[in-house]
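The values are calculated or read from the model by the stated rules, or taken from the named source; none is laboratory data. The model shown is predicted, which means the values in this text are computed figures rather than measured ones. Ideal geometry is used to build each Cβ from the backbone, glycine not excepted, and the neighbour counts take in all protein chains shown. Only protein heavy atoms, including side chains, enter the accessible area calculation; ligands, DNA and RNA are left aside. Shrake-Rupley method; radii C 1.70, N 1.55, O 1.52, S 1.80 Å.
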Amino acid sequence: MNEVLYAHLTPLEFRQRIAQAPIAYLPLGTLEWHGEHLPLGADGLQAQGFFIHLAREVGGIVLPMLFLGPDLHQGNHYGMDIVGFPKGQPHQLDGSAYWVRDHLFGELLENILSQLARAGFKIVVAHGHGPSTRYFQNHAHAWEKKFYLKLFNCWDPSAGMDDELGIQMDHAGANETSLMMALHPELVHLNAISVGPDGSPEAVIGKDPRNYASAELGEKAIQHQVNRMVLLLQSELTTLNPSLKESKA
């Protein structure tokens, strides 16, 4: 059973997979400018690609990616419009079309979690766009009590935010670029990076992908985090039902 995408499963396949491992994976995406070298859907593509690898190792089902999410905002500008350029000079970036207010994002996630609990899931792993993941993380404890679910994201609490083997630890820098090079190399165009007067890549937060990004680094990060998350999720599955201990995707 290699098919893990929720939208592709038949009802029979859904019943089989959820009985084996009642885990839902929610890619928290955006349609957001990620430098000139990455696709606008980079957040969701990275999260979804990582979740496909993880679901094939430990079981579970990968939900369709979201493209709406919260972020910093000033008037009609948000996210990298604000932080990607000199402070005080917000600039609308081509292609960004994802921002919603925190309360609306919260209502959306609450409805998703309610539906997932109704469908029979016991664990939900959500990850992707930084502000979306932080929102999910900050509300996880309350939502666990409300929906009787166990909620996880994929940030390693033992690692710093500059962890090169993490999942989505920068913005269009070496980490995200490496993940995209491993998952979707055809969508990465390093020669398209625009640079500022000092020669640094414009509005890229993190290490310069021209010097530090590679498909090999992305593959290493994915495998490292798959191994870590498999142990965490297998432990949770065993707590829920000892008979699931030997479940395989």
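Structure above, values below:
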| item | result |
| --- | --- |
| Top of L190, L54, L151 by mean-square fluctuation, Gaussian network on the chain, Cα under 10 Å | L190 |
| FRET efficiency, 1/(1 + (r/R0)^6) with R0 30 Å, evaluated for A159 and F85 via beta carbons | 0.55 |
| Area projected by the alpha carbon convex hull of the chain, averaged over all directions, nm² | 13.5 nm² |
| Per residue solvent-accessible surface (Å²) - the range 51-115, probe of 1.4 Å | 54 Å² |
| Ranked packing of 199-208, 137-146, most packed first, by mean Cβ within 10 Å | 199-208, 137-146 |
| Mean-position separation - Cα centroids, the range 172-187 and the range 56-92, in angstrom | 17 Å |
| Sorted peptide list for 104-115, 67-78, 120-131, criterion being average Cβ within 10 angstrom, highest first | 120-131, 67-78, 104-115 |
| Efficiency of FRET between E107 and I205 - r from beta-carbon atoms, R0 30 angstrom, step 0.05 | 0.55 |
| Sequence-separation-based contact order of the chain, relative, with Cα cut under 8 Å and 6+ spacing, percent | 24 percent |
| Ratio Rg/Rh, restricted to the range 67-133 and using Cα atoms, in which Rh is the Kirkwood radius | 1.10 |
| The range 1-76, relative contact order in percent, only Cα pairs under 8 angstrom and at least six apart counted | 41 percent |
| If the convex hull is drawn through the Cα atoms of the range 1-137, its volume per residue in Å³ | 109 Å³ |
| Peptides ranked, highest mean first, by Cβ atoms within 10 Å: ranges 91-97, 168-174 | 168-174, 91-97 |
| Residue-level accessible surface for T238, protein heavy atoms, 1.4 Å, Å² | 50 Å² |
| Equivalent ellipsoid semi-axes - Cα gyration tensor, the range 149-189, angstrom | 22, 13, 7 |
| Cβ-derived FRET efficiency at R0 41 Å, N227 paired with Q92, nearest 0.05 | 0.50 |
| Extension reserve of the E57-A7 stretch, reckoned as 0.36 nm per residue once the Cα distance is removed | 16.1 nm |
| Size descriptor, Kirkwood hydrodynamic radius, that averages inverse alpha-carbon separations across the range 130-234, Å | 15.2 Å |
| Whole-Å distance, taken between Cα centres, linking the range 122-150 and the range 1-54 | 16 Å |
| Rounded percent of accessible protein surface that carbon and sulfur make up, the chain, 1.4 Å probe | 54 percent |
